1. Out of all the residues in the stretch 39-46, is one or more in contact with a helix residue (DSSP H, G or I) (Cβ under 9 Å, 6 or more places away or on another chain), over 14 Å from VAL5 (Cβ atoms) and open to solvent by less than 70 Å² (accessible area, probe 1.4 Å)?
2. I'd like to check something: does the stretch 83-98 contain any residue that is under 14 Å from TRP36 (Cβ atoms), touching an Asp or Glu at 6+ places or on another chain (Cβ under 6 Å) and in a loop (DSSP other than H, G, I, E, B)?
3. Determine if the stretch 52-68 includes at least one residue that is of a type in the set (D, E, K, R), in contact (Cβ under 8 Å) with a residue 60 or more places away in the chain and at negative phi.
4. Report yes if some residue within the stretch 50-63 is open to solvent by less than 20 Å² (accessible area, probe 1.4 Å) and part of a strand (DSSP E or B); otherwise report no.
5. Take the stretch 1-11 and flag every residue that is outside any loop (DSSP other than H, G, I, E, B) and either open to solvent by 20 Å² or more (accessible area, probe 1.4 Å) or free of Cβ contacts under 8 Å to residues at least 24 places away in the same chain (or both).
6. For the stretch 22-38: of the residues being among the hydroxyl-bearing types (Ser, Thr, Tyr) and assigned to a strand (DSSP E or B), which is most open to solvent (accessible area, probe 1.4 Å)?
7. Show the residue pairs that are 6+ apart or on different chains and have beta-carbon atoms under 9 Å apart, the first residue being within the stretch 92-116 and under 17 Å from THR77 (Cβ atoms) and free of Cβ contacts under 8 Å to residues at least 40 places away in the same chain, the second being of a type in the set (A, V, I, L, M) and open to solvent by 20 Å² or more (accessible area, probe 1.4 Å).
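The values are calculated or read from the model by the stated rules, or taken from the named source; none is laboratory data. All values reported here derive from a predicted model rather than from experimental measurement. As a convention, Cβ positions derive from the backbone with ideal geometry for all residues, glycine included, and neighbour counts pool all protein chains shown. We work out accessible area using only protein heavy atoms, side chains counted, and drop any ligands, DNA or RNA first. Shrake-Rupley method; radii C 1.70, N 1.55, O 1.52, S 1.80 Å.
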Amino acid sequence: QEQFVESGGALVQPGGSLRLSCKVSRINLDFTAMAWYRQAPGKEHELVAAISALDTEKYADSVKGRFTISKNIAEKTLFLQMNNLNIEDTAVYYCNRGWTKPEGAWGQGTQVTVSA
């Protein structure tokens, strides 16, 4: 069964940076689109960034120019580099497969808190 294990979340000040990682199991990143989502308290999951099997990227308007999605196929790991964080980025971040909607089960996520 496929599995997603997210890590790298932390408490950070506004303007700071974090790099999230998602270790995947039973998924071939060569052939699978992957995405990062986030869920703020009381809100639905929001697509933050996605990367296709051919490395095409897309981003939510709110994170364009600040976040970068990438992957390491050999390490079976998805990354999200987040720069210039602001309070509105506070959420639990999850990875999942799929280009437009989540197609797998959710992992435990990783908490990102942006606060002064």
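1. Looking through the stretch 39-46, at least one residue is in contact with a helix residue (DSSP H, G or I) (Cβ under 9 Å, 6 or more places away or on another chain), over 14 Å from VAL5 (Cβ atoms) and open to solvent by less than 70 Å² (accessible area, probe 1.4 Å).
2. No, every residue in the stretch 83-98 fails to be under 14 Å from TRP36 (Cβ atoms), touching an Asp or Glu at 6+ places or on another chain (Cβ under 6 Å) and in a loop (DSSP other than H, G, I, E, B).
3. No; the residues of the stretch 52-68 include none that is of a type in the set (D, E, K, R), in contact (Cβ under 8 Å) with a residue 60 or more places away in the chain and at negative phi.
4. Scanning the stretch 50-63, I find at least one residue that is open to solvent by less than 20 Å² (accessible area, probe 1.4 Å) and part of a strand (DSSP E or B), so the answer is yes.
5. Step one: filter the stretch 1-11 for residues outside any loop (DSSP other than H, G, I, E, B), giving 3-7, 11.
Across the stretch 1-11, the qualifying residues are GLN3, VAL5, SER7, LEU11.
6. SER25
7. Correct list of pairs: empty, since none qualify.
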